[in-house]
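Inspection log for the structure reproduced underneath, given as structure tokens.
The values are calculated or read from the model by the stated rules, or taken from the named source; none is laboratory data. Remember, it's a predicted structure, so these values are computed and weren't measured experimentally. Counting neighbours? That spans all protein chains shown, and the Cβs are built from the backbone with ideal geometry, glycine included. The accessibility values were calculated without ligands, DNA or RNA, using every heavy atom of the protein model including side chains. Shrake-Rupley method; radii C 1.70, N 1.55, O 1.52, S 1.80 Å.
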Amino acid sequence: DMKVTQMPRYLIKRMGENVLLECGQDMSHETMYWYRQDPGLGLQLIYISYDVDSNSEGDIPKGYRVSRKKREHFSLILDSAKTNQTSVYFCASSLFAFSNERLFFGHGTKLSVL
Amino acid sequence: GDQVEQSPSALSLHEGTGSALRCNFTTTMRAVQWFQQNSRGSLINLFYLASGTKENGRLKSTFNSKESYSTLHIRDAQLEDSGTYFCAAEINTGNYKYVFGAGTRLKVIA
């Protein structure tokens with residue numbers, strides 16, 4: 001069953017706390033992505049990972065970092081979360097980055113930073 | 001983002017009717033994907049197009065790379081078609097990435 005799994009689904013944190021969002025995929029996809037979705041803005045790319053330890057900044061990387069130590073896992077880390085990082089975070093994967101490949105999304109993590 | 005403009009921003013359809021959603025691109029796009037975000041927030045991949053037209057049931061999508069637009073046609077709309085539809089365009093900025101439009105909120109009315 002091909003899927004992208006995100007944990008947790010919902011998370012409430014206080015400003016200044018560290019946040020770890022986890023993502024896994026079972027399709028052996030090389031490329032994984034983290035997006036955030038805010039009302040009226042669609043999805044904005046935070047980071048993209050082309051394979052293990054091969055990560056690149058997306059359009060809005062400030063305040064975030066990522067870790068990819070295994071091909072099937074991609075983590076998003078917020079060191080000292082801010083209230084403007086309240087959002088819904090989506091992880092996605094695709095087989096390759098440089099060919100015609102579809103994006104598969106997880107169910108999202110709704111993060112509230114108080 | 002500014003490179004992908006979706007219209008309309010919101011749309012209401014009566015069951016059984018149809019309409020077209022559109023994405024205009026301000027730069028050259030290599031391919032486009034269409035997604036439906038349902039009431040639970042899940043993003044469902046509807047189509048991937050590098051050119052031409054694809055059809056799946058009551059949905060049909062076209063990508064015209066020369067004129068820089070893509071359309072998603074919905075016919076015989078059903079209540080479960082309600083949700084937000086996003087197009088995502090594949091662009092090359094040194095590395096390939098997807099740029100999303102702001103979405104079209106569709107409400108199907110009985």
Members of segment B:95-108 found to be touching a Lys or Arg at 6+ places or on another chain (Cβ under 8 Å) and open to solvent by less than 40 Å² (accessible area, probe 1.4 Å), listed by number: none
Looking across segment B:18-32 at residues that are closer than 29 Å to A:Lys3 by Cβ and modelled with pLDDT of 95 or more, the single one that is surrounded by the most Cβ atoms within 10 Å (Cβ to Cβ) is B:Cys23
Strands (runs of 3 or more DSSP E) fully within segment A:16-98 counting 2 or more residues that are within 13 Å of another protein chain (Cβ to nearest Cβ): A:31-37, A:43-51, A:54-57, A:87-94
Look at segment B:45-59 and say how many of its residues are assigned to a strand (DSSP E or B) and closer than 24 Å to A:Met2 by Cα. 9
Residue count, segment B:77-94, condition exposed (fewer than 12 other Cβ atoms within 10 Å of the Cβ) and either among the β-branched types (Val, Ile, Thr) or part of a loop (DSSP other than H, G, I, E, B) (or both), comes to 2
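One line per residue, one yes/no per condition, for (1) among the acidic types (Asp, Glu); (2) over 30 Å from A:Asn55 (Cβ atoms); (3) touching a residue at least 60 places away in the same chain (Cβ under 8 Å):
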| position | (1), (2), (3) |
| --- | --- |
| B:Gln3 | no, no, yes |
| B:Val32 | no, no, no |
| B:Asn45 | no, no, no |
| B:Thr62 | no, yes, no |
| B:Ile74 | no, yes, yes |
| B:Ile91 | no, no, yes |
| B:Tyr96 | no, no, yes |
Pick from segment B:95-110, criterion in a strand (DSSP E or B) and hydrophobic (A, V, I, L, M, F, W, C), ranking: nearest to the other protein chains (Cβ to nearest Cβ): B:Phe100
